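Here is the structure we will look at.
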Amino acid sequence: LYGMARAQPQGQNVEEAQRYLEQLRRAHPNHRLVERLQQDIGVQRNSAQVQQARDQARAGQAEQALGSYQAAPTGPLALEYYQTLGGTSGGWDEARRGLEQLARQSPDDAKISLALAQHLTYREPTRREGIAQLARLAGHPEVGKAATDSWRKALAWTGSRAADIPLYQAFLRA
C-alpha cells in the first residue's frame with residue numbers, strides 16, 4: 001500500500017495516494033510508514049509552495065525561502081528548512097539545534113548527519129567538531145564523497161595553526 005501510494009505521479013494524484021494511506025492506516029495503524037506517507041502526501045499537496053521555497057533558497061534569498069516554508073519544519077522538509085535557516089543572519093544557532101534534534105530522532109540517517117557536520121564547520125568554535133564528524137562520514141557509502149569534499153573545504157577554513165596539523169594529516173591518510 002505504501003508503494004502504491006508513492007507510485008502516484010508526484011503531485012498529480014494526491015487523492016489516490018490518500019486512499020492508499022487510509023487503507024494502510026486501517027491495516028497497520030501503528031506502522032512507521034503511515035506517518036511517513038502522511039508527510040509525503042502533505043509535501044505533494046504543497047509542492048508549488050515547496051518549489052518556490054527551494055527556488056528562493058537556491059537564489060540566495062534565504063529569508064524569503066523560510067517564509068515560503070511557512071509551517072514549523074517537520075517530516076521530509078525539516079532538513080531543507082534547517083539548512084536554509086542556517087544560511088540566514090541570526091539563524092545559525094536555531095538551525096544547529098534543529099539539526100541536532102533531527103540527528104537524535106534519526107541516528108542512522110546519513111544525510112542528516114552530513115548536514116549537521118557541514119553546519120558545524122561554518123563557525124570557528126564548532127569547526128573542529130564538524131571536521132571530526134565529516135571524517136567519520138567520509139567512509140559512508142551514501143554520503144562519503146560529499147563528506148570528503150566538505151571535510152577538505154572545512155580544513156581550508158581552519159587556517160594554519162600548528163594545533164591543526166593532525167587534522168590535515170588525518171585527511172591525507174584518508
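Readers should treat all values here as calculations from the given coordinates under stated rules, not as data from a laboratory. Computed from a predicted structure; not experimentally measured. For neighbour counting, all protein chains shown are included, and Cβ atoms are generated from backbone atoms with ideal geometry for every residue, glycine included.
Is segment 85-174 rounded, prolate or oblate when judged by the Cα gyration tensor, a ≥ b ≥ c being the square roots of its eigenvalues, rounded requiring a/c under 1.5 and prolate requiring a/b larger than b/c?
oblate
Only Cα pairs under 8 Å and at least 6 apart count here; give the relative contact order of the chain as a rounded whole percent.
10
Mind giving me the FRET efficiency for GLN105 and GLN169? R0 is 35 Å, r the Cβ-Cβ distance, nearest 0.05 is fine.
Approximately 0.50, to the nearest 0.05.
Within a Cβ distance under 14 Å of THR121, other residues only, what is the Lys/Arg minus Asp/Glu net charge?
Computed value for this residue: +3.
Name the GluC sites (Glu not before Pro) in segment 70-153 that are in a loop by DSSP and that have at most 16 other C-beta atoms within 10 Å, would you?
Of the GluC sites (Glu not before Pro), the ones in loops of segment 70-153 whose Cβ has at most 16 other Cβ atoms within 10 Å are GLU142.
As I understand it, the value is the acute angle between the Cα axis of helix 144-157 and the longest principal axis of the Cα atoms of the chain; what does it come to in degrees, rounded to 10?
40
Are there trypsin sites (Lys or Arg not before Pro) in segment 98-173 that DSSP marks as loop and that have at most 13 other Cβ atoms within 10 Å, and which are they?
Qualifying residues, ordered by number: ARG161.
Given N residues in the chain, what is its alpha carbon radius of gyration divided by 2.2 N^0.38 Å?
Dividing the Cα Rg of the chain by 2.2 N^0.38 Å gives 1.22.
Can you give the local net charge around ALA170? Use residues other than it whose beta-carbon is closer than 13 angstrom to its beta-carbon, Lys and Arg +1, Asp and Glu -1.
+3
Going by alpha carbons, how many degrees (0 to 90, nearest 10) lie between the helix axis of 14-27 and the longest principal axis of the chain?
For helix 14-27, the angle is close to 90 degrees.
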